[in-house]
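First up is the structure itself, then whatever we jot down about it.
The values are calculated or read from the model by the stated rules, or taken from the named source; none is laboratory data. This one's a predicted model, so the numbers in the text were calculated from it and none came from an experiment. So basically every Cβ, Gly included, is an ideal-geometry build from the backbone, and we count neighbours across all protein chains shown.
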Amino acid sequence: MSRLDSMLRRFAAQRDGLNWAAEQISGIEGDALDLGLGNGRTYDHLREILPQRRIWVIDRVLQCHASCVPPEADFLQGEAEPMLHKLLGFETQIALAHYDFGFGDKAKDVSEAARLSPLIVRAMVPGGIIVSGQPLVDVEQITGPDSIARDRYLFYRA
């Protein structure tokens, strides 16, 4: 598969997975969390599909497209672990989380996801959904939409 085809497959899986997760949490109260803002595409999509929910964002730096800058009060800038602790201090409950942190080194990415998993799970409301590009630990993995290859995106229920 070409890198272009792989990227298109990843973007489609991400969109379909987020849309599916938004449907799954329709009866659950809570905010959303985008872990890894990047250039803001996912954040922008979350704003569109979850217009009534607050969307928290965590990232090391703010370098997104100008149209995708989150409100200052919702953007926690810094390393993931201290920012997750800060979020937990706000006593907010997350109904949908999207995990998209990455260094580009698979072993390092998997290790960080495992290390951060307990904090993410603590932030979630029971029954909330986590959509992740990396495997998480100590949380129930569930089957996402049929349109997504099982290894492309991972889905969890808190």
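Quick notes on this structure:
- Output for segment 102-158, where each listed residue is under 21 Å from Arg10 (Cβ atoms), assigned to a loop (DSSP other than H, G, I, E, B) and among the charged types (D, E, K, R): Asp105, Asp146, Arg150, Asp151, Arg152
- Close pairs from segment 93-104: first without any contact (Cβ under 8 Å) to a residue 24 or more places away in the chain, partner aliphatic (A, V, I, L, M) and surrounded by 18 or more Cβ atoms within 10 Å (Cβ to Cβ), Cβ under 9 Å, at least 6 apart: none
- Test: residue in segment 82-96 that is in contact with a strand residue (DSSP E or B) (Cβ under 7 Å, 6 or more places away or on another chain), of a type outside the set (Ser, Thr, Tyr), part of a loop (DSSP other than H, G, I, E, B) and at negative phi: yes
- Hits in segment 79-112 (condition: of a type in the set (Gly, Ala, Ser), surrounded by 20 or more Cβ atoms within 10 Å (Cβ to Cβ) and closer than 15 Å to Asp59 by Cβ): Ala80, Ala97
- Exactly one residue out of Gly128, Gly89, Gly78, Gly102 is within 14 Å of the chain's Cα centre (by Cα) and modelled with pLDDT of 95 or more, and it is Gly128.
- For segment 113-158, filtering for residues that are under 16 Å from Glu23 (Cβ atoms), among the small types (Gly, Ala, Ser) and surrounded by 21 or more Cβ atoms within 10 Å (Cβ to Cβ) leaves 2.
- Selection within segment 53-68: residues that are buried (at least 17 other Cβ atoms within 10 Å of the Cβ) and touching a Pro at 6+ places or on another chain (Cβ under 9 Å). The member of this set that is farthest from Leu84 (Cα to Cα) is Cys64.
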